[in-house]
Amino acid sequence: MRMHILVRMKHVVFLFTLIAGSSMIPLSSYGLPNPPTPANPIIRVALIRHFGHPNELLLRIPANSELYTSSSPTPISVHEESVVHIYLQNNQLHVSGLQDMEATNCDSAVFTPSSPQDTIRISVATYPGADYQGDIRISPWVHDGVNGILIVNELPMETYLRGVLPVEMGADAPMEALKAQAITARTYTLTCLKSHDYPYDVTDTTQYQAYGGADVDNPRSDMAVESTLGMVLFHDGKLVPADYYADCGGITAPGNGPQDYPPSIVDAPLGSTTDYCTNGKYHKWYLSLHLSDIQRSLPVSIQTNVGNLKEITALDHDISGRILNLLLIGDKGEDIVKAAQFRAMLGFDRLRSTLFTISAQPDGRILFDGKGWGHGRGLCQDGAMGMASPPYNMNYRQILLHYFPDSEIMYYAVSY
Ligand SMILES: [Zn+2]
């Protein structure tokens, strides 16, 4: 048995190899004096998808919660369900609404329900409310010209994943695809821990992984998380860069990690021309835009360099055929933009990938003839759902080994 050791916070974490292709081995069969239990680290999720960085919010706190504030040496017990009002005042939080506490100013406030099943409901002026399990940490947020409140949901990994799968893949996806998604998302999340200096690990947006809190829980996606409890993907002695996205368009992009892992792969059975993701909604797409519309989407600096946009040309491609750089030609000059940045300028849900060809139309429009949706690195969600469906009926191990060749499914566990 191969064993890998990671040191993470207070725990020494062991990853135990599962034998590829076999069913999961009961932990007791490892023959260890103390069988490992699944590691379930706390994930800090910045809730900005619905709430942004508001100046004011309401929290509905369940009975028997505790409140820790920076201005109080001891926690405050919240005996009854309460609605707490928090707003910014002189770069501090003003907290009011609790029966057992005077209104107070503080630099941070953490609300902790007494039971893991309890939820805290958060609402702001622009969003009616959503429920979250785990702790809610509130603090002032001044960053990149934004002055508001940062809301962070702190909860165990396995609970967090239950709020990711239904939003990222849909709870009605085939079960084996959901399991593959759960292992990929768990691995991805671990690679995000302590990866930057912000007071959170991930946000709840697709910049990391979409997360919907307790409102989106579904028995099917919960089952996929539970049945893959603690499983992560390992390659070459490390957690794999477990990226994923909606649809690869028939071929995945090369990774941008060490040795470009995972490699670019054709997303179809050997010798077949039918892609696993062929039924994806955006497996193939067209976008027709007038040159003047494209020009208006460009940053001012590029508009200044280029003038009136006349032509767009692909400069180079990666080995999967995705465009790396585009040449923009106008009546004043030229500029080069990365295709990934060009997607951001036009909108990720308009120019859905960088796997496209460009053709100029007689009416001054540009036709983008494209495939797939997303960056294309790692697991293709539409492909995973195709592989798990007839006629392929593959299991999650086969799906993961397809997108992450030569990887191993490991067990992420805490030692005693
Ligand atoms: Zn695909």
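Rule-based calculations on the coordinates, nothing more; no lab input. Note that the coordinates shown come from a computational prediction; the quantities given were computed from them, not determined experimentally. Glycine also receives a Cβ, built like all others from the backbone with ideal geometry; neighbour counts cover every protein chain displayed.
Please work out the FRET efficiency for the pair residue 89 and residue 226, using the Cβ-Cβ distance as r and a Förster radius of 51 Å; give the result to the nearest 0.05. Working shown, then result.
Values: r = 44 Å, r/R0 = 0.86.
With a Förster radius of 51 Å, E is 0.70.
What FRET efficiency comes out for the pair residue 361/residue 80, r = Cβ-Cβ distance, R0 = 60 Å, nearest 0.05? If you can, show how the numbers build up before the last one.
Working: r = 66 Å, r/R0 = 1.09.
Step by step, r from the Cβ atoms, then E = 0.35.
Can you list, by residue number, the Cys in the chain that have no neighbouring cysteine C-beta under 4.7 Å?
106, 192, 277
For the chain, set up a Gaussian network in which alpha carbons nearer than 10 Å are linked by springs, and say which option among 364, 378, 280 fluctuates the most.
364
Of 336, 313, 348, which is farthest towards the positive pole of segment 312-367's charge dipole, taken about the Cα centre with +1 and -1 on the beta-carbons of Lys, Arg and Asp, Glu respectively?
348
Once amide H atoms are placed 1.01 Å from N in the peptide plane, what residues at a sequence separation of 5 or more from residue 332, or on another chain, have their amide H within under 5 Å of its amide H?
The answer is 307, 308.
How large is the helix-only mean residue ellipticity at 222 nm for the chain, computed as the sum of -39500 (n - 2.57) over DSSP H runs with n ≥ 4, divided by its residue count, in deg cm²/dmol to the nearest 500? List each step's numbers first, then the result.
Values: 9 runs with 74 residues, N = 416.
Computed mean residue ellipticity for the chain: -5000 deg cm²/dmol.
With bins 20 Å wide starting at 0, give me the P(r) of the chain over every alpha carbon pair, in whole percents.
The percentages, shortest bin first, are 24, 49, 26, 2.
Using Cβ counts within 10 Å as a stand-in for footprinting exposure, how do 169, 394 rank, fewest first? Working shown, then result.
Values: 169 26, 394 20.
So the residues, fewest neighbours to most, are 394, 169.
I want to verify a result. In a Gaussian network model of the chain, Cα cutoff 10 Å, which of these has the top mean-square fluctuation: 318, 363, 217?
363
Antiparallel as a % of all DSSP beta bridges within segment 240-386, to the nearest 5? Intermediate results must be reported in sequence, preceding the final value.
Working: 26 of 29 bridges.
That works out to approximately 90 percent antiparallel.
Express in % the proportion of alpha carbon pairs of segment 44-157 at distances exceeding 23 Å. Mind showing how you got there, number by number?
Working: 1307 of 6441 pairs.
Looking at segment 44-157, the distances longer than 23 Å represent 20 percent of pairs.
Set Lys and Arg Cβ to +1 and Asp and Glu Cβ to -1, take the dipole of segment 44-157 about its Cα centre, and tell me which of 117, 149, 90 lies farthest positive.
149
Assuming a ≥ b ≥ c are the square roots of the Cα gyration tensor eigenvalues, decide whether segment 284-371 counts as rounded (a/c under 1.5), prolate (otherwise, with a/b larger than b/c) or oblate.
It is prolate, given that a/c is not under 1.5 and a/b is the larger ratio.
Output wanted: per-residue J couplings in Hz (rounded whole) for segment 380-386, from phi through Karplus 6.51 cos²θ - 1.76 cosθ + 1.60, θ = phi - 60°, x for Gly and Pro.
Couplings: 8, 5, 5, x, 4, 5, x Hz.
Taking the Cα centre as origin and putting +1 on Lys and Arg beta-carbons and -1 on Asp and Glu beta-carbons, what dipole magnitude results for segment 246-330, to the nearest 20 debye?
Numbers: 5 positive and 8 negative charges, 57 e Å.
Magnitude of the dipole: close to 280 debye.
Once you treat every alpha carbon in segment 109-158 as an equal point and sum by Debye, what is log10 I(q)/I(0) at q = 0.13, 0.20, 0.29, 0.31 Å⁻¹?
Values, matching the q order: -0.36, -0.76, -1.14, -1.19.
Which lysines does residue 338 reach when only Cα atoms under 23 Å apart count, and residues fewer than 8 places away in its own chain are ignored?
The qualifying lysines are 284, 310, 371.
Please state the charge dipole magnitude for the chain, taken about the Cα centre, from unit charges on C-beta atoms (+1 on K and R, -1 on D and E), reported in debye and rounded to the nearest 20.
Details: 28 positive and 42 negative charges, 145 e Å.
So the dipole magnitude of the chain works out to roughly 700 debye.
Which whole-Hz ³J(HN,Hα) couplings does segment 65-72 yield from phi under the Karplus relation 6.51 cos²θ - 1.76 cosθ + 1.60, θ = phi - 60°, glycine and proline marked x?
8, 10, 10, 10, 10, 5, 9, 10
Kindly rank 246-253, 310-317 from highest to lowest mean number of other beta carbons found within 10 Å of each residue.
Working: 246-253: 27.9, 310-317: 14.4.
Ranking, from highest mean packing down: 246-253, 310-317.
Amide H of residue 203: which non-local residues (sequence gap of 5 or more, or other chain) have their own amide H closer than 5 Å, using H built in the peptide plane?
46, 208, 209
Pull out the extension gain between residue 305 and residue 319, defined as 0.36 nm times the separation in residues minus the alpha carbon to alpha carbon distance; nm, one decimal. Can you show the working numbers first?
Details: separation 14, 0.36 × 14 = 5.04 nm, distance 3.01 nm.
Contour length minus Cα-Cα distance gives 2.0 nm.
Which three lengths, in whole Å and largest first, does segment 193-287 cover when its Cα atoms are put on their principal axes?
45, 35, 34
Order of 396-409, 178-191, 125-138 by packing, highest average Cβ count within 10 Å first?
On the way: 396-409: 21.3, 178-191: 25.8, 125-138: 18.5.
Peptide ranking by packing, descending: 178-191, 396-409, 125-138.
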